[in-house]
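Worksheet: one structure, shown below.
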Amino acid sequence: MNIRSLDVVIVDLPTIRPHKLAMHTIVMQTIILVRVTGEDGLEGWGEVATIGGASYCAETPEAIKMNIEKYIKPLVIGRNAAHFDAISYTVNNHVVGNTFAKAAVEAAVIELAAKTRGVSVHELFGGQIHDSLPVAWTLASGETRRDIEEAKESLHAKRHNIFKLKIGMGDPKRNVDHVLKIKEAVGDTASIRVDVNQAWDETTAMYCIEALEDGGIDLIEQPLPAWNKEGMSRLASRFKVPIMADESLGSLEEVYQVAKHRSGNVFSLKPANVSGLTATKKVAAIAEAAGISLYGGTMIESALGTAICAHLYSTIPEMKYGTELFGPLLFTDTITTNAIVYEEFQLKVPNGPGYGMEIDVEKIFHYGRDL
Ligand SMILES: [Mg+2]
(Lines give C-alpha, C1' and ligand atoms only; values in the text may rest on other atoms or scores of the structure.)
Protein backbone atom coordinates (compact mmCIF):
# COMPACT_ATOMS: atom_id res chain seq x y z
CA MET A 1 0.00 0.00 0.00
CA ASN A 2 1.63 3.23 -1.13
CA ILE A 3 1.58 6.13 1.34
CA ARG A 4 -0.46 9.06 0.04
CA SER A 5 -0.26 11.55 2.93
CA LEU A 6 1.33 12.09 6.34
CA ASP A 7 0.11 14.39 9.14
CA VAL A 8 1.60 15.29 12.52
CA VAL A 9 -0.18 16.67 15.56
CA ILE A 10 1.04 17.61 19.05
CA VAL A 11 -1.33 16.59 21.85
CA ASP A 12 -1.15 17.62 25.54
CA LEU A 13 -2.80 15.18 27.97
CA PRO A 14 -3.38 16.06 31.67
CA THR A 15 -2.11 13.65 34.36
CA ILE A 16 -4.01 12.36 37.43
CA ARG A 17 -1.37 13.85 39.76
CA PRO A 18 1.96 15.67 39.45
CA HIS A 19 4.60 13.13 38.32
CA LYS A 20 7.97 14.18 39.74
CA LEU A 21 11.10 13.22 37.81
CA ALA A 22 14.69 14.41 38.21
CA MET A 23 14.44 16.84 35.32
CA HIS A 24 10.78 17.86 35.33
CA THR A 25 7.41 17.51 37.09
CA ILE A 26 4.75 16.34 34.63
CA VAL A 27 1.23 17.72 35.01
CA MET A 28 0.59 17.77 31.26
CA GLN A 29 2.29 15.14 29.11
CA THR A 30 3.03 15.94 25.48
CA ILE A 31 2.64 13.28 22.83
CA ILE A 32 3.29 13.57 19.10
CA LEU A 33 0.95 11.64 16.79
CA VAL A 34 1.68 10.75 13.18
CA ARG A 35 -0.97 9.55 10.75
CA VAL A 36 -0.06 8.05 7.39
CA THR A 37 -2.84 7.42 4.89
CA GLY A 38 -2.66 4.84 2.11
CA GLU A 39 -4.05 5.21 -1.39
CA ASP A 40 -7.33 3.52 -0.47
CA GLY A 41 -7.84 5.64 2.66
CA LEU A 42 -6.52 3.08 5.18
CA GLU A 43 -4.68 4.80 8.06
CA GLY A 44 -1.67 3.93 10.20
CA TRP A 45 -1.01 5.82 13.45
CA GLY A 46 2.24 6.31 15.32
CA GLU A 47 3.13 8.03 18.61
CA VAL A 48 6.08 9.16 20.66
CA ALA A 49 5.98 10.99 23.99
CA THR A 50 8.47 13.49 25.36
CA ILE A 51 9.03 14.71 28.89
CA GLY A 52 9.15 18.36 29.86
CA GLY A 53 9.77 20.08 26.52
CA ALA A 54 13.56 20.21 26.17
CA SER A 55 14.36 18.93 29.67
CA TYR A 56 14.65 15.17 28.94
CA CYS A 57 16.28 15.14 25.52
CA ALA A 58 17.33 17.42 22.69
CA GLU A 59 14.23 16.72 20.58
CA THR A 60 11.38 18.99 21.66
CA PRO A 61 7.78 18.24 20.58
CA GLU A 62 7.85 21.27 18.28
CA ALA A 63 11.15 20.18 16.68
CA ILE A 64 9.84 16.62 16.22
CA LYS A 65 6.77 17.93 14.35
CA MET A 66 8.76 20.35 12.21
CA ASN A 67 11.52 17.88 11.33
CA ILE A 68 9.01 15.20 10.36
CA GLU A 69 7.08 17.61 8.13
CA LYS A 70 10.10 19.19 6.48
CA TYR A 71 12.69 16.39 6.26
CA ILE A 72 11.12 12.94 6.83
CA LYS A 73 7.71 13.25 5.16
CA PRO A 74 9.13 13.76 1.61
CA LEU A 75 11.16 10.53 2.03
CA VAL A 76 8.06 8.53 2.97
CA ILE A 77 5.33 9.78 0.61
CA GLY A 78 4.79 7.41 -2.34
CA ARG A 79 6.64 4.51 -0.68
CA ASN A 80 5.06 1.11 -0.05
CA ALA A 81 4.34 0.78 3.69
CA ALA A 82 5.10 -2.96 3.50
CA HIS A 83 8.75 -1.97 3.01
CA PHE A 84 8.93 -0.24 6.39
CA ASP A 85 12.46 -1.43 7.14
CA ALA A 86 13.68 -0.17 3.75
CA ILE A 87 11.91 3.17 4.37
CA SER A 88 13.68 3.51 7.74
CA TYR A 89 16.98 2.82 5.96
CA THR A 90 16.29 5.68 3.53
CA VAL A 91 15.28 8.02 6.37
CA ASN A 92 18.43 7.14 8.36
CA ASN A 93 20.56 7.88 5.30
CA HIS A 94 19.13 11.39 4.96
CA VAL A 95 18.32 12.45 8.52
CA VAL A 96 20.90 12.40 11.32
CA GLY A 97 19.72 11.73 14.91
CA ASN A 98 16.08 12.76 15.45
CA THR A 99 15.32 9.32 16.88
CA PHE A 100 11.95 10.38 18.36
CA ALA A 101 10.75 11.84 15.05
CA LYS A 102 11.87 8.72 13.17
CA ALA A 103 10.22 6.40 15.73
CA ALA A 104 6.84 8.16 15.42
CA VAL A 105 6.88 7.96 11.61
CA GLU A 106 8.09 4.35 11.53
CA ALA A 107 5.36 3.27 13.98
CA ALA A 108 2.68 4.79 11.70
CA VAL A 109 4.13 3.19 8.56
CA ILE A 110 4.31 -0.21 10.30
CA GLU A 111 0.67 0.03 11.36
CA LEU A 112 -0.39 0.80 7.80
CA ALA A 113 1.62 -2.23 6.61
CA ALA A 114 -0.08 -4.46 9.21
CA LYS A 115 -3.58 -3.13 8.49
CA THR A 116 -3.07 -3.63 4.74
CA ARG A 117 -2.52 -7.33 5.47
CA GLY A 118 -5.23 -7.42 8.14
CA VAL A 119 -2.83 -8.59 10.85
CA SER A 120 -1.52 -7.40 14.23
CA VAL A 121 1.80 -5.54 14.23
CA HIS A 122 3.43 -8.28 16.35
CA GLU A 123 2.93 -10.64 13.39
CA LEU A 124 5.25 -8.44 11.30
CA PHE A 125 7.95 -8.95 13.96
CA GLY A 126 7.85 -12.73 13.82
CA GLY A 127 4.89 -13.44 16.09
CA GLN A 128 3.84 -13.01 19.66
CA ILE A 129 5.65 -14.91 22.42
CA HIS A 130 3.72 -13.24 25.30
CA ASP A 131 0.06 -12.17 25.20
CA SER A 132 0.50 -10.17 28.40
CA LEU A 133 3.39 -8.33 30.06
CA PRO A 134 4.14 -7.50 33.73
CA VAL A 135 3.79 -3.76 34.39
CA ALA A 136 5.59 -1.66 36.99
CA TRP A 137 4.09 1.51 38.45
CA THR A 138 6.13 4.60 39.21
CA LEU A 139 5.63 6.09 42.66
CA ALA A 140 6.48 9.71 41.98
CA SER A 141 4.16 11.84 44.13
CA GLY A 142 7.17 13.04 46.12
CA GLU A 143 5.50 12.19 49.49
CA THR A 144 6.42 9.01 51.37
CA ARG A 145 2.98 8.46 52.93
CA ARG A 146 1.14 9.02 49.64
CA ASP A 147 3.55 6.71 47.78
CA ILE A 148 3.00 3.94 50.37
CA GLU A 149 -0.77 4.35 50.07
CA GLU A 150 -0.53 4.23 46.27
CA ALA A 151 1.60 1.06 46.42
CA LYS A 152 -0.75 -0.69 48.86
CA GLU A 153 -3.85 0.22 46.82
CA SER A 154 -2.16 -1.07 43.69
CA LEU A 155 -1.17 -4.37 45.34
CA HIS A 156 -4.70 -4.82 46.68
CA ALA A 157 -6.22 -4.22 43.22
CA LYS A 158 -3.64 -6.66 41.70
CA ARG A 159 -2.61 -3.95 39.26
CA HIS A 160 1.11 -3.69 40.06
CA ASN A 161 3.59 -5.50 42.31
CA ILE A 162 6.67 -3.81 40.86
CA PHE A 163 7.27 -0.19 41.92
CA LYS A 164 9.85 2.21 40.62
CA LEU A 165 10.81 5.36 42.51
CA LYS A 166 12.17 8.41 40.77
CA ILE A 167 14.88 9.69 43.10
CA GLY A 168 17.04 11.99 41.01
CA MET A 169 15.65 15.25 42.41
CA GLY A 170 16.67 16.66 45.81
CA ASP A 171 18.91 15.38 48.61
CA PRO A 172 20.25 11.87 47.78
CA LYS A 173 20.39 10.67 51.43
CA ARG A 174 16.84 11.82 52.12
CA ASN A 175 15.70 10.12 48.90
CA VAL A 176 17.35 6.86 49.92
CA ASP A 177 15.54 7.01 53.30
CA HIS A 178 12.25 7.61 51.43
CA VAL A 179 12.83 4.50 49.29
CA LEU A 180 13.80 2.32 52.26
CA LYS A 181 10.65 3.37 54.18
CA ILE A 182 8.53 2.27 51.23
CA LYS A 183 10.40 -1.05 50.96
CA GLU A 184 9.86 -1.59 54.69
CA ALA A 185 6.12 -0.89 54.29
CA VAL A 186 5.56 -3.34 51.40
CA GLY A 187 8.15 -5.98 52.42
CA ASP A 188 8.42 -8.96 50.10
CA THR A 189 5.00 -8.41 48.51
CA ALA A 190 6.54 -6.13 45.88
CA SER A 191 9.74 -5.42 43.98
CA ILE A 192 11.08 -1.93 44.70
CA ARG A 193 13.41 -0.28 42.19
CA VAL A 194 14.86 3.19 41.72
CA ASP A 195 15.49 5.42 38.72
CA VAL A 196 18.03 8.19 39.30
CA ASN A 197 17.71 9.65 35.77
CA GLN A 198 21.48 10.44 35.62
CA ALA A 199 21.39 12.72 38.68
CA TRP A 200 24.28 11.37 40.80
CA ASP A 201 28.03 11.60 40.57
CA GLU A 202 30.03 8.45 41.16
CA THR A 203 30.85 8.94 44.84
CA THR A 204 27.22 9.77 45.66
CA ALA A 205 26.19 6.68 43.70
CA MET A 206 28.57 4.44 45.64
CA TYR A 207 27.24 5.61 49.01
CA CYS A 208 23.57 5.46 47.99
CA ILE A 209 23.65 2.15 46.08
CA GLU A 210 25.32 0.46 49.05
CA ALA A 211 22.44 1.56 51.30
CA LEU A 212 19.82 0.60 48.69
CA GLU A 213 21.40 -2.82 48.14
CA ASP A 214 21.47 -3.48 51.90
CA GLY A 215 17.79 -2.45 52.10
CA GLY A 216 16.68 -5.03 49.52
CA ILE A 217 16.14 -2.75 46.50
CA ASP A 218 16.08 -4.85 43.30
CA LEU A 219 17.32 -2.55 40.52
CA ILE A 220 19.19 0.76 40.15
CA GLU A 221 18.41 2.61 36.92
CA GLN A 222 20.83 5.07 35.28
CA PRO A 223 22.51 6.42 38.43
CA LEU A 224 25.16 8.35 36.45
CA PRO A 225 24.96 10.76 33.49
CA ALA A 226 24.53 9.12 30.07
CA TRP A 227 28.10 10.05 29.10
CA ASN A 228 29.73 8.38 32.12
CA LYS A 229 29.84 4.85 30.77
CA GLU A 230 33.13 4.04 32.52
CA GLY A 231 31.56 4.98 35.86
CA MET A 232 28.53 2.80 35.09
CA SER A 233 30.92 -0.12 34.38
CA ARG A 234 32.61 0.38 37.75
CA LEU A 235 29.25 0.42 39.57
CA ALA A 236 28.01 -2.67 37.71
CA SER A 237 31.08 -4.66 38.74
CA ARG A 238 31.14 -3.31 42.31
CA PHE A 239 27.56 -4.11 43.37
CA LYS A 240 25.40 -7.25 43.34
CA VAL A 241 22.21 -5.24 42.74
CA PRO A 242 21.77 -4.90 38.96
CA ILE A 243 22.52 -1.52 37.36
CA MET A 244 20.21 -0.64 34.46
CA ALA A 245 21.24 1.50 31.48
CA ASP A 246 18.51 3.75 30.08
CA GLU A 247 19.54 7.24 28.89
CA SER A 248 23.01 5.92 27.95
CA LEU A 249 21.43 3.76 25.20
CA GLY A 250 20.95 6.60 22.69
CA SER A 251 21.79 4.72 19.46
CA LEU A 252 22.52 1.16 18.32
CA GLU A 253 26.25 1.96 18.35
CA GLU A 254 26.04 3.14 21.97
CA VAL A 255 24.06 0.03 22.89
CA TYR A 256 26.89 -2.11 21.52
CA GLN A 257 29.53 -0.12 23.45
CA VAL A 258 27.52 -0.32 26.69
CA ALA A 259 27.14 -4.09 26.21
CA LYS A 260 30.81 -4.58 25.38
CA HIS A 261 32.03 -2.64 28.44
CA ARG A 262 29.20 -3.89 30.69
CA SER A 263 28.19 -0.31 31.57
CA GLY A 264 25.02 -1.79 32.99
CA ASN A 265 23.77 -5.36 33.31
CA VAL A 266 20.12 -4.63 32.39
CA PHE A 267 18.93 -2.62 29.36
CA SER A 268 15.79 -0.48 29.28
CA LEU A 269 14.23 -0.77 25.83
CA LYS A 270 12.74 2.45 24.44
CA PRO A 271 11.78 2.65 20.76
CA ALA A 272 12.03 6.47 20.75
CA ASN A 273 15.68 6.37 21.89
CA VAL A 274 16.85 4.33 18.91
CA SER A 275 14.55 5.43 16.01
CA GLY A 276 11.73 2.90 16.35
CA LEU A 277 10.59 -0.70 16.61
CA THR A 278 12.93 -2.28 14.05
CA ALA A 279 15.98 -0.82 15.86
CA THR A 280 14.53 -1.81 19.27
CA LYS A 281 14.42 -5.43 18.12
CA LYS A 282 18.13 -5.06 17.28
CA VAL A 283 18.83 -3.68 20.79
CA ALA A 284 17.17 -6.81 22.18
CA ALA A 285 19.39 -8.96 19.95
CA ILE A 286 22.56 -7.21 21.15
CA ALA A 287 21.46 -7.70 24.77
CA GLU A 288 20.61 -11.37 24.16
CA ALA A 289 24.00 -12.01 22.57
CA ALA A 290 25.78 -10.26 25.47
CA GLY A 291 23.79 -12.00 28.22
CA ILE A 292 22.23 -8.72 29.35
CA SER A 293 18.70 -8.75 30.83
CA LEU A 294 15.86 -6.63 29.44
CA TYR A 295 13.20 -4.29 30.71
CA GLY A 296 10.47 -2.66 28.63
CA GLY A 297 10.79 1.07 29.25
CA THR A 298 8.35 3.91 28.60
CA MET A 299 8.43 7.61 27.82
CA ILE A 300 4.91 7.69 29.36
CA GLU A 301 2.92 7.22 26.19
CA SER A 302 -0.85 7.30 25.78
CA ALA A 303 -2.80 4.11 25.03
CA LEU A 304 -1.64 4.18 21.39
CA GLY A 305 2.07 4.57 22.19
CA THR A 306 1.75 1.95 24.92
CA ALA A 307 0.21 -0.51 22.44
CA ILE A 308 3.04 0.25 19.98
CA CYS A 309 5.67 -0.72 22.59
CA ALA A 310 3.63 -3.70 23.83
CA HIS A 311 3.37 -5.24 20.35
CA LEU A 312 7.15 -5.20 19.94
CA TYR A 313 7.95 -6.27 23.51
CA SER A 314 5.53 -9.21 23.14
CA THR A 315 7.82 -10.66 20.44
CA ILE A 316 10.95 -10.62 22.64
CA PRO A 317 11.67 -14.00 24.27
CA GLU A 318 12.64 -12.84 27.75
CA MET A 319 11.83 -9.56 29.47
CA LYS A 320 13.30 -10.56 32.83
CA TYR A 321 12.44 -7.28 34.58
CA GLY A 322 8.98 -6.81 33.00
CA THR A 323 7.85 -3.47 31.61
CA GLU A 324 6.72 -0.04 32.78
CA LEU A 325 3.96 0.43 30.21
CA PHE A 326 1.69 2.18 32.70
CA GLY A 327 1.28 5.41 30.66
CA PRO A 328 -2.52 5.26 30.11
CA LEU A 329 -3.08 4.88 33.89
CA LEU A 330 -1.39 8.23 34.55
CA PHE A 331 -3.73 10.26 32.33
CA THR A 332 -7.15 11.66 33.15
CA ASP A 333 -8.37 10.94 29.60
CA THR A 334 -7.55 8.88 26.52
CA ILE A 335 -7.27 9.50 22.76
CA THR A 336 -8.58 6.05 21.86
CA THR A 337 -12.14 4.69 21.98
CA ASN A 338 -10.92 1.38 23.43
CA ALA A 339 -8.68 1.03 26.47
CA ILE A 340 -5.59 -1.00 27.29
CA VAL A 341 -6.61 -3.74 29.75
CA TYR A 342 -4.60 -4.16 32.97
CA GLU A 343 -5.31 -7.16 35.20
CA GLU A 344 -3.45 -9.57 37.50
CA PHE A 345 -0.37 -7.30 37.51
CA GLN A 346 -0.16 -7.53 33.72
CA LEU A 347 -0.98 -5.55 30.59
CA LYS A 348 -2.94 -7.52 28.01
CA VAL A 349 -1.35 -6.90 24.61
CA PRO A 350 -4.17 -5.52 22.42
CA ASN A 351 -4.91 -7.47 19.25
CA GLY A 352 -4.92 -5.92 15.79
CA PRO A 353 -5.40 -5.14 13.02
CA GLY A 354 -2.42 -2.88 13.48
CA TYR A 355 -1.86 -2.04 17.14
CA GLY A 356 -5.49 -2.83 17.97
CA MET A 357 -6.31 0.72 19.14
CA GLU A 358 -9.13 2.84 17.69
CA ILE A 359 -8.29 6.56 17.51
CA ASP A 360 -10.89 8.96 18.96
CA VAL A 361 -10.62 11.88 16.53
CA GLU A 362 -12.81 14.16 18.68
CA LYS A 363 -10.38 13.77 21.59
CA ILE A 364 -7.47 14.63 19.33
CA PHE A 365 -9.28 17.83 18.31
CA HIS A 366 -9.95 18.54 21.99
CA TYR A 367 -6.39 18.04 23.29
CA GLY A 368 -4.43 18.77 20.10
CA ARG A 369 -2.54 22.01 19.57
CA ASP A 370 -3.47 24.40 16.73
CA LEU A 371 -6.39 22.29 15.46
MG1 LIG B 1 14.62 5.78 33.18
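Key figures for this structure:
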quantity	calculated
Candidate residues Trp200, Trp227: accessible-area rank, largest first, probe 1.4 Å	Trp227, Trp200
Quarter of the Cα convex hull surface for the chain, i.e. its orientation-mean projected area (nm²)	16.3 nm²
Percent carbon-and-sulfur accessible area, the chain, ignoring ligands, DNA and RNA, probe 1.4 Å	50 percent
Angle between the chain longest axis and helix 277-290 axis [Cα atoms, degrees, rounded to 10]	40 degrees
The range 156-285 - Kirkwood radius from inverse mean 1/r over Cα pairs (Å)	15.1 Å
Candidate lysines for bridging to Lys270, where Cα separation is under 18 Å - those fewer than 8 sequence places away on the same chain excluded	Lys102, Lys164, Lys166, Lys281, Lys282, Lys320
Added length on full extension, which subtracts the Cα-Cα distance from 0.36 nm per residue, Arg4 to Leu252	86.2 nm
For the range 74-144: accessible area per residue (Å², 1.4 Å)	39 Å²
Angle between the chain longest axis and helix 84-94 axis [Cα atoms, degrees, rounded to 10]	80 degrees
Formal net charge of residues neighbouring Met1 (Cβ-Cβ distance under 13 Å; K, R +1; D, E -1)	0
Summed residue charge, Cβ within 14 Å of Asp360's Cβ, Lys/Arg positive, Asp/Glu negative	-3
Candidate aspartates and glutamates - alpha carbon under 17 Å from Lys158, same-chain residues fewer than 8 apart omitted	Asp147, Glu149, Glu150, Asp188, Glu324, Glu343, Glu344
Accessible surface of Lys73 - all protein chains present, 1.4 Å probe, nearest 10 Å²	70 Å²
Degrees between helix 172-186 axis and first principal axis of the chain (Cα, 0 to 90, nearest 10)	90 degrees
Estimated [θ] at 222 nm from DSSP helical runs (n ≥ 4, -39500 (n - 2.57)) normalised by residues in the chain, nearest 500	-11000 deg cm²/dmol
Alpha-carbon centroid distance for the pair the range 67-138 / the range 246-297, whole angstrom	18 Å
Pairwise label distance in nanometres, Asn338 with Lys70, each label 7 Å out on the Cα-Cβ vector	3.9 nm
Neighbourhood net charge (15 Å Cβ-Cβ; Lys/Arg +1, Asp/Glu -1) for Arg79	-1
Counting all C-alpha pairs of the range 325-366, share separated by more than 11 Å (%)	69 percent
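The values are calculated or read from the model by the stated rules, or taken from the named source; none is laboratory data. From a predicted model like this one, the values you see are computed outputs, not experimental measurements. Here Cβ is always computed from backbone atoms with ideal geometry, including for glycine, and neighbour counts include all displayed protein chains. For the accessible areas, the whole protein counts, side chains as well, though only heavy atoms, and no ligand, DNA or RNA atoms are used. Shrake-Rupley method; radii C 1.70, N 1.55, O 1.52, S 1.80 Å.
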